[in-house]
1. Within the set of pairs 6 or more residues apart or between chains, which connect a residue that is without any contact (Cβ under 8 Å) to a residue 40 or more places away in the chain inside the range 45-74 to a residue that is in a loop (DSSP other than H, G, I, E, B) with Cβ atoms less than 7 Å apart?
2. If only one of 62, 14 is more than 23 Å from residue 84 (Cα to Cα) and loosely packed, with under 11 Cβ neighbours inside 10 Å, which one is it?
3. Go through the range 38-53 and give me each residue that's part of a helix (DSSP H, G or I) and either touching a strand residue (DSSP E or B) at 6+ places or on another chain (Cβ under 8 Å) or loosely packed, with under 11 Cβ neighbours inside 10 Å (or both).
């Protein structure tokens, strides 16, 4: 089991500046933290299911901003794992 959350290079690697993660808006750091918590608690620290979702989200629209892809990947991960249903997500997004 790989307990690292982030790739350091490759398509799924998050943006960095001087080795530090780069967030352009507060929501980006919140989605990062949420993802880290979900991976740790619901997937026993195994980042691979999320990594696969992130790579797929990037491949689906390479021009989409990175943290938007991260959010889409997290949404797909929790839906496929049955952690939450689509109606619950739509309810939170719409409120």
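Rule-based calculations on the coordinates, nothing more; no lab input. Keep in mind that what you see is a predicted model, and the values were worked out from it rather than measured. Positions of Cβ are generated from backbone atoms using ideal geometry, with glycine treated the same way; all protein chains shown enter the neighbour counts.
1. 49/43
2. Working: 14 fails: loosely packed, with under 11 Cβ neighbours inside 10 Å.
Result: 62 is the single residue among 62, 14 that is more than 23 Å from residue 84 (Cα to Cα) and loosely packed, with under 11 Cβ neighbours inside 10 Å.
3. Step one: list which residues in the range 38-53 are part of a helix (DSSP H, G or I), which gives 38-42, 48-53.
If the condition is that a residue be part of a helix (DSSP H, G or I) and either touching a strand residue (DSSP E or B) at 6+ places or on another chain (Cβ under 8 Å) or loosely packed, with under 11 Cβ neighbours inside 10 Å (or both), then 41 is the only one that fits.
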